[in-house]
Amino acid sequence: MTQSADRPRIRLKPKANARGLRHGFPWVYANDVVTDRRTRKIPAGALAVLEDENRVPIALVAVNPESKIMCRVLDRDLDAELNATWFETRLRRALDMRERLFDAPYYRLIHAEADGFPGVIIDRFGDACVIQPNAAWAEAHLDTLTDALVAVTGVTTVLKNASGRTRGLEGLDDVNLTLRGTAPDAPLPVPMNGATYMADLTGGQKTGLFYDQRPNHAFAARLVQPGAQVLDVFSHVGGFGLAMLAGGAGQALSVDGSAAALELAARGAQASGFADRFQTRQGDAFDVLTQLAEEGAQYDVVICDPPAFAPSKQALDAGLRAYERIARLAAPLVKPGGYLGLCSCSHAADLGRFRDASSRGIGRAGRQAQLIHTGFAGPDHPQLPQLAESGYLKAVFYRL
C-alpha cells in the first residue's frame, strides 16, 4: 500500500482554482475547501492529499484547520515522506545557489515557498542559523529540519525565532528557543557591502538583520561622492547609512525610533571604522523629517526605508497615504541634483501603486524628479512567480 493511501483527503470546492494549484500556486484558502467534521479534526501540521472537485489528486499538502491558509503545497509526489532525505535535498538545493552568489556565509538560506519550505525563513550568520517556522507543519517537523540544517551546512548554532504575527495566525506559540549549540551572548558582526553590521540574533527584530536590502544598499553607495552628506531614515541597524559611508560618504545621520537599533548601528560604524563620520537621532521618523526641514538641513542622498505601512489589503489606502507623506517630507531635504531613495516592504502595495504614491509626494513637495532606478530584494530572497506576496520589497530611486 502506498503512503498516500493512508493520508486524509482534502477536496476543493467546484469554484476553487485547481488549475492555478496545478500550475504552482502554493496556498489553499479555507473557503475553497470542502470542510466537514472529519477535515476539521485533522491536526494542525498533518499531511493530506489535496484533490480537485472530481477527486483527482493534485498535491501533498500540510493542513492547518486553524488558519485561513488551510493547506500549503509541499510536494507533487503524493507519497513523499518528510524525512531527513526530503529536508536535506531541499536545503542542499538552496545552499548551492547561495554559495554561487555569495563569497561568505551571510545570507537568507531559505525564503519560504520560493525555496520549497512554505512559511519557513532561515537566515544564516556564519556558523549560526536562525529559523522562523511560521507554519504549523514546520513546527511539527522542527527537529528533523534542524538536524538536516546542521548536516547540510555544518553550522554549530541553530536558534528558533517565534516572533511575528504569522505564527499567531497559525495558532503557534511565541517562545524563542536554542535548538542547537549555544545562543550568542553578544551581537555578531556581519560583513556586507564593505561595512560591518551588528546582528542581534536573540533580541533584535525578526532574525536579527535584514539581508533583503543588500543590493539596494549597494546601489545607494554608488550615488555618493567623496564627502557626501547622507540621511538614512528608518535605519534599523544602519543599513543604508553604513553602506554609503563605505562608499565614500563624508557624514551619515541614521534616524530610527528604536534606541537599541541605533546602538547596534553605532557599534557597526565603530567596527567598520566609520565612528567619526556617523551620527544617530532617535525619534518618530515623521517628526524628525519635519524637524530637519525646520533646521534647514539638506543632504546629497536621503533614504527612507519604513516598516510595512500596508501589511494587508485592508490597510492599503492608509499605507499609500503614509508612503506619499514620507516622500513629501523627505524631498525638501535633498539638495538640488541630489538623490532620494524610497522603499516599501508591503506586499499589498504593488510596485505601481507604491511608485505613484512616492512620485505624488515628491510633486507635492514642489520638487521635480527623474526616476533612475527600481530595486528589489536580493537573489537570496527568490520570488515564487505564482505567489505575488513573495515579491514584497520595492525600492525606487529618484534624482531631484
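The values are calculated or read from the model by the stated rules, or taken from the named source; none is laboratory data. What you are looking at is a predicted structure, and each value in this text was computed from that prediction instead of being measured. Here the Cβ positions follow ideal geometry from the backbone for every residue, glycine too, while neighbour counts run over all protein chains shown. Note: areas computed on protein heavy atoms with side chains; ligands, DNA, RNA excluded. Shrake-Rupley method; radii C 1.70, N 1.55, O 1.52, S 1.80 Å.
In the set ARG355, ARG281, ARG321, ARG328, which member is in contact (Cβ under 8 Å) with a residue 12 or more places away in the chain, of a type in the set (Lys, Arg) and part of a strand (DSSP E or B)? It is ARG281. When the stretch 80-97 is filtered for residues that are touching a residue at least 60 places away in the same chain (Cβ under 8 Å), open to solvent by 70 Å² or more (accessible area, probe 1.4 Å) and part of a helix (DSSP H, G or I), only ARG92 remains. Does the stretch 322-331 contain at least one residue that is open to solvent by 20 Å² or more (accessible area, probe 1.4 Å) and touching a strand residue (DSSP E or B) at 6+ places or on another chain (Cβ under 8 Å)? Within the stretch 322-331, not a single residue is open to solvent by 20 Å² or more (accessible area, probe 1.4 Å) and touching a strand residue (DSSP E or B) at 6+ places or on another chain (Cβ under 8 Å). Taking the criterion of being in contact with a Leu (Cβ under 9 Å, 6 or more places away or on another chain) and outside any strand (DSSP E or B), the residues of the stretch 41-69 that qualify are ALA44, ASP52, GLU53, GLU66, SER67, LYS68. For the stretch 240-252, enumerate the residues that are touching a strand residue (DSSP E or B) at 6+ places or on another chain (Cβ under 6 Å) and open to solvent by 20 Å² or more (accessible area, probe 1.4 Å). Once the filter is applied, which keeps residues that are touching a strand residue (DSSP E or B) at 6+ places or on another chain (Cβ under 6 Å) and open to solvent by 20 Å² or more (accessible area, probe 1.4 Å), the stretch 240-252 yields ALA246, GLN251. Answer yes if at least one residue in the stretch 124-144 is assigned to a loop (DSSP other than H, G, I, E, B), charged (D, E, K, R) and out of contact with any Phe, Trp or Tyr (no Cβ under 6 Å at 6 or more places or on another chain), and no otherwise. Yes, there is a match, as at least one residue in the stretch 124-144 is assigned to a loop (DSSP other than H, G, I, E, B), charged (D, E, K, R) and out of contact with any Phe, Trp or Tyr (no Cβ under 6 Å at 6 or more places or on another chain). When VAL301 is tested against (1) open to solvent by 20 Å² or more (accessible area, probe 1.4 Å); (2) touching a Leu at 6+ places or on another chain (Cβ under 7 Å); (3) touching a residue at least 60 places away in the same chain (Cβ under 8 Å), just one condition goes unmet, and that condition is (1). Only one of the numbered conditions (1) open to solvent by 40 Å² or more (accessible area, probe 1.4 Å); (2) closer than 24 Å to ALA138 by Cβ is violated by ALA62, and that is (1). Among the residues of the stretch 98-120, those identified as in a strand (DSSP E or B) and open to solvent by less than 20 Å² (accessible area, probe 1.4 Å) are TYR107, LEU109, ILE110, HIS111, VAL120. Of all the numbered requirements in (1) in contact with a helix residue (DSSP H, G or I) (Cβ under 9 Å, 6 or more places away or on another chain); (2) of a type outside the set (Lys, Arg); (3) touching a residue at least 40 places away in the same chain (Cβ under 8 Å), ALA261 misses one, and that requirement is (1). Scanning the stretch 121-149 for residues that are open to solvent by less than 20 Å² (accessible area, probe 1.4 Å) and hydroxyl-bearing (Ser, Thr, Tyr) gives a single hit, THR146. Of all residues in the stretch 49-59, none satisfies being at pLDDT 95 or above, under 32 Å from the mean Cα position of the chain (by Cα) and open to solvent by 20 Å² or more (accessible area, probe 1.4 Å).
Inspect all residues belonging to the stretch 18-25 and state whether any of them is assigned to a loop (DSSP other than H, G, I, E, B), open to solvent by 40 Å² or more (accessible area, probe 1.4 Å) and closer than 19 Å to TRP137 by Cα. Let's see the steps before the verdict.
Just the residues of the stretch 18-25 that are assigned to a loop (DSSP other than H, G, I, E, B), to begin with: 23-25.
Keeping just the survivors that are open to solvent by 40 Å² or more (accessible area, probe 1.4 Å) gives 23, 25.
Still in the running and closer than 19 Å to TRP137 by Cα: 25.
The answer is yes, given that some residue of the stretch 18-25 is assigned to a loop (DSSP other than H, G, I, E, B), open to solvent by 40 Å² or more (accessible area, probe 1.4 Å) and closer than 19 Å to TRP137 by Cα.
Is it true that ARG38 is open to solvent by 30 Å² or more (accessible area, probe 1.4 Å) and out of contact with any Cys (no Cβ under 7 Å at 6 or more places or on another chain)?
Numbers: open to solvent by 30 Å² or more (accessible area, probe 1.4 Å): yes; out of contact with any Cys (no Cβ under 7 Å at 6 or more places or on another chain): yes.
Judged against the criteria, ARG38 is a match.
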